[in-house]
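Accompanying notes for the structure given below.
FYI, it's all coordinate maths here, none of it is from the lab. The shown structure was predicted, so the numbers you read here are calculated from the model rather than taken from an experiment. Virtual Cβ from ideal backbone geometry, glycine too; neighbours counted across all protein chains shown.
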Amino acid sequence: MPSFSRPTLHLVHDGATGFATEARIPEPRAAVEASLPAWDSAGWAPTPQWEATPEWESAEVWPETPASTAEPAGEEAWRMDALCAETDPEAFFPEKGGSTRDAKRVCTGCPVRAQCLEFALANDERFGIWGGLSERERRRLRQQRVGSISA
């Protein structure tokens with residue numbers, strides 16, 4: 001079996017002169033060892049750790065926290081208990097003519113189904129499954145409510 005030796009030189013383009021020059025290829029072991037903490041007579045030398053400095057306080061770097069990271073409060077706190085938050089959102093917004101069965105099945109066991117439906121009706125949600133009803137079913141329910149109020 002022939003033995004192969006690892007090349008020790010490679011060509012490097014010198015941007016200043018435009019010529020290629022030879023450079024020594026570092027040994028893999030040497031490259032790995034260079035990235036490790038040093039060993040001295042007392043043992044491993046401490047690895048420098050990143051430390052926060054006073055000039056890099058998070059409030060200065062990120063002065064505003066996005067509203068989406070905050071938990072809903074007040075009237076929308078029900079969203080924290082919604083089962084749909086643990087489910088694929090695409091199931092609740094199917095393509096036109098797509099099945100709504102899976103989303104409605106999730107809504108059936110949801111403890112905040114009534115709040116979800118009221119939210120959708122109050123905010124005139126035009127897309128998706130809310131409170132177990134499609135947009136068409138919510139429109140029909142809205143018309144029934146208006147009809148019963150005016151009668």
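If a residue must be free of Cβ contacts under 8 Å to residues at least 24 places away in the same chain, of a type in the set (A, V, I, L, M, F, W, C) and surrounded by 13 or more Cβ atoms within 10 Å (Cβ to Cβ), how many such residues does region 97-116 contain? Qualifying residue count, region 97-116: 1.
For region 96-142, which positions are polar (S, T, N, Q) and either under 26 Å from the mean Cα position of the chain (by Cα) or more than 17 Å from Trp78 (Cβ to Cβ) (or both)?
Quick first cut of region 96-142, residues polar (S, T, N, Q) only: 99-100, 108, 115, 123, 134.
Correct list: Ser99, Thr100, Ser134.
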